[in-house]
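Here's the structure we're looking at; comments come further down.
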Amino acid sequence: MAWFRKTKTPLKAQDRRDLPGDVWEKCPSCNEIVYREKFRENWNVCPECAHHLRLPALDYVRLLLDEGSFTEMDAEMRSGDPLSFEDLKKYPERLAQAERKTGRRDALISGHGRMERIPVSLAVMDFSFIGGSMGSVVGEKIARAGRHALEEGTPFIIVSASGGARMMEGIFSLMQMAKTSAVLAELDRAGLPFISLLTDPTTGGVTASYAMLGDVNISEPGALIGFAGPRVIEQTIKQELPEGFQRAEFLLEHGMLDRIVDRREMKASIAILLRHMLSLPAPETSETGSPEG
Amino acid sequence: MATVAHLDFEKAIAEVEEQIDRLRHMAREKGLDVTGEMESLEGKLKSLQTETYENLDPIERVQVARHPRRPYTLDYLERIFTDFVELHGDRMYRDDESIVAGWARLDGESVMVIGHQKGRDMKENLQRNFGMPHPEGYRKALRLMKLAEKFGRPVFTMIDTPGAYPGLGAEERGQAEAIARNLREMAALTVPTISVIIGEGGSGGALAIGVTDRILMMENSVYSVISPEGCAAILWKSGSERDKAATALKLTAPDLNHLGVIDRIIKEPTGGAHADPDATAEALHGVLRETLDELKSLSPEELHEQRLEKYFAMGEWHPRS
């Protein structure tokens, strides 16, 4: 569990050295300075200590699907402003700003493709778009990707990363929890697999709907996963939270996750599960069941 | 009653109520005839109540929804239903008393009633955890919904919670999982389901018993993805902007009716539900009856289809199809 403990190793000189931002990356866990290119080749996993940095949404599509197999759905879908919401900023301005920053219309990429040749529906949340918050577009795109899986009789995989509900859509953001859960109920009835991959961080309304409803719930090492935010809990119970609270390892220990999987093994690991659940034969190249760590 | 706290905007009402009390007391002690004065004071009270309650701001509605004298689930159960048999426990961990549930009869017909339960005083609130359930509360609710389904009986839920409890044990035992499971299972129940927000509809903790065929709201209840205080702290970076947040969130019954999220509003008496719990319960009784009759005319397949359509249509996105 040492990966998130603040190390006190004195690296002051190196810390202060100006690193050209686009060449080097310092691992926040082991403080090792690594070629950024190395980090990227390694799916943002530290080659030294295997600490998992966050990975951009589109990279999960590349990570999980066979090359060139992905067809995106509803890429142009945008949110309305059903409440005409205005806080310090107008909601449409926030949306436009997020769009400029990410080049995406909302906080989710969805579509279908193949995973080790198995056809799947896939949805990946983008935390960089208003904190991966769930509003009408996230809900509708998940509903559509889920229905696509229903129509095609294929499995559905959702990669979650979210701060929770999109407050600026008020009650409609809350209702997306009901909507997405309802489509998963349909997949259940149809006997189709649903895999939930929870990445850092997954909290609030997303955790309390589809992210926790996987036939198999998988996470990456160290991911923060919870319902209430740690600060809210601290204020409520008026005491400090134990070390490692709400981390993937904590959830595994408490029975909320099936597995924690190293990102670099993720595709193979999910594909094995899918073949079990779809009664497909193991591929000839597959290693015979080695006990997992 | 005189010791019960009033909301700020109810001060004037409270003063007249006190005058009436004093007058009545005096009349009794001294054997005076005060009919005339009494009538005028009561008239004044009525018009004050009307004036105040017809012009409630969203944040004032939030306060009425949280009013310490507001009728809770057990108050409605007592007035609307008969033959109530409370059932306890989630069969896994413990009985969570912030949710009450059990069999009851609506006009003689057996139904399952499930609702959040707040307490009236500190002792009760400790027992009820201020109406904030742990995962075991939601698991009890689901267990009993499934029981109702097994016997083909309708499910009524009453929503009144600040939210699901944000605590250590709640997280350890899977608050998120418990809520999520309820959402999915409620979407697939084969019996008619009706929810009514009677006070506070606090986010996921409310929705966890609220994915129903019909969503009703008491006139002065509120339903929101986040409390106005929480929203103000995050988006305005100041908890004191809660009035603005309450308005922006469109959390009142008329707003949510206008947005098409809820199906019907139940009118409260002048002065709010707490001014006359009996009349409030009677109004709710009538609407529950009508709503249930309407749902009973549908086959399980039709129910299922309409429920999916209802939730799939929630939200605003472009292009629509």
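Can you find a residue in region A:65-87 that is surrounded by 17 or more Cβ atoms within 10 Å (Cβ to Cβ) and among the β-branched types (Val, Ile, Thr)?
No, region A:65-87 contains no residue that is surrounded by 17 or more Cβ atoms within 10 Å (Cβ to Cβ) and among the β-branched types (Val, Ile, Thr).
Quick one: in region A:246-279, which of the residues that are within 10 Å of chain B (Cβ to nearest Cβ) and assigned to a helix (DSSP H, G or I) is surrounded by the fewest Cβ atoms within 10 Å (Cβ to Cβ)?
Of everything passing the filter in region A:246-279, A:Glu253 is surrounded by the fewest Cβ atoms within 10 Å (Cβ to Cβ).
Considering only region B:1-99, give the helices (runs of 4 or more DSSP H) lying wholly within it that have at least 1 residues that are over 28 Å from B:Tyr165 (Cα atoms) and in contact (Cβ under 8 Å) with a residue 40 or more places away in the chain.
On the way: elements: B:11-30, B:35-54, B:58-65, B:73-80.
Where helices (runs of 4 or more DSSP H) fall fully within region B:1-99 and carry at least 1 residues being over 28 Å from B:Tyr165 (Cα atoms) and in contact (Cβ under 8 Å) with a residue 40 or more places away in the chain, they are B:11-30, B:35-54, B:73-80.
Given (1) among the hydroxyl-bearing types (Ser, Thr, Tyr); (2) open to solvent by 40 Å² or more (accessible area, probe 1.4 Å); (3) assigned by TED's automatic domain parsing to the domain that holds B:Pro68, identify the lone condition not met by B:Thr280.
Answer for B:Thr280: the failing condition is (2).
Only one of these is assigned to a helix (DSSP H, G or I), farther than 28 Å from B:Asn257 by Cα, facing chain B (nearest Cβ under 8 Å) and hydrophobic (A, V, I, L, M, F, W, C): A:Ala211, A:Ala143, A:Ala149, A:Ala182. Name it.
Details: A:Ala143 fails: farther than 28 Å from B:Asn257 by Cα; A:Ala149 fails: facing chain B (nearest Cβ under 8 Å); A:Ala182 fails: farther than 28 Å from B:Asn257 by Cα.
Every option except A:Ala211 fails the conditions.
Suppose we filter region B:255-267 for residues that are touching a strand residue (DSSP E or B) at 6+ places or on another chain (Cβ under 8 Å), away from chain A (no Cβ under 13 Å) and open to solvent by 10 Å² or more (accessible area, probe 1.4 Å); how many remain? Spell out how you get there, then give the answer.
Within region B:255-267, the first condition is being touching a strand residue (DSSP E or B) at 6+ places or on another chain (Cβ under 8 Å), and the residues that meet it are B:256-257, B:261-266.
Narrowing further to those that are away from chain A (no Cβ under 13 Å): B:263-266.
Imposing the further condition that a residue be open to solvent by 10 Å² or more (accessible area, probe 1.4 Å) reduces the set to B:263-265.
Final tally of qualifying residues: 3.
Given the condition open to solvent by less than 10 Å² (accessible area, probe 1.4 Å), within 14 Å of chain A (Cβ to nearest Cβ) and in contact with a helix residue (DSSP H, G or I) (Cβ under 6 Å, 6 or more places away or on another chain), answer yes or no: does some residue in region B:188-197 qualify?
So the first thing to find is which residues in region B:188-197 are open to solvent by less than 10 Å² (accessible area, probe 1.4 Å), and the list is B:189, B:191, B:193-197.
Then keep just the ones that are within 14 Å of chain A (Cβ to nearest Cβ); that gives B:189, B:193, B:195, B:197.
Now restrict to residues that are in contact with a helix residue (DSSP H, G or I) (Cβ under 6 Å, 6 or more places away or on another chain): B:189.
Within region B:188-197 (the criterion being open to solvent by less than 10 Å² (accessible area, probe 1.4 Å), within 14 Å of chain A (Cβ to nearest Cβ) and in contact with a helix residue (DSSP H, G or I) (Cβ under 6 Å, 6 or more places away or on another chain)), the answer is yes, since at least one residue qualifies.
Yes or no, residue by residue, for (1) small (Gly, Ala, Ser); (2) at pLDDT below 95; (3) assigned to a helix (DSSP H, G or I):
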residue	(1), (2), (3)
B:Leu144	no, no, yes
B:Thr157	no, no, no
B:Ala164	yes, no, no
B:Glu171	no, no, yes
B:Ile179	no, no, yes
B:Val191	no, no, no
B:Val211	no, no, no
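When A:Thr154 is evaluated against the numbered criteria (1) out of contact with any Pro (no Cβ under 6 Å at 6 or more places or on another chain); (2) open to solvent by 10 Å² or more (accessible area, probe 1.4 Å); (3) in contact (Cβ under 8 Å) with a residue 40 or more places away in the chain, which criterion, by number, is the only one it fails?
It is condition (1) that A:Thr154 fails.
Can you confirm whether region A:224-245 contains a residue that is at the interface with another protein chain (Cβ under 9 Å from one of its Cβ atoms), farther than 26 Å from A:Met177 by Cα and open to solvent by 60 Å² or more (accessible area, probe 1.4 Å)?
Narrowing region A:224-245 to residues at the interface with another protein chain (Cβ under 9 Å from one of its Cβ atoms): A:225-229, A:232-233, A:235-237, A:239, A:241-242, A:245.
Next, from what is left, pick out any that are farther than 26 Å from A:Met177 by Cα: A:237, A:239, A:241-242.
Checking the rest, the ones that are also open to solvent by 60 Å² or more (accessible area, probe 1.4 Å) come to A:239, A:242.
Checked against the condition, which is being at the interface with another protein chain (Cβ under 9 Å from one of its Cβ atoms), farther than 26 Å from A:Met177 by Cα and open to solvent by 60 Å² or more (accessible area, probe 1.4 Å), region A:224-245 yields at least one hit.
The values are calculated or read from the model by the stated rules, or taken from the named source; none is laboratory data. Just so we're clear, the structure is a prediction, and the values are computed from it rather than from any experiment. Positions of Cβ are generated from backbone atoms using ideal geometry, with glycine treated the same way; all protein chains shown enter the neighbour counts. Just so you know, the surface numbers come from the protein's heavy atoms only, side chains and all, with ligands and any DNA or RNA stripped out. Shrake-Rupley method; radii C 1.70, N 1.55, O 1.52, S 1.80 Å.
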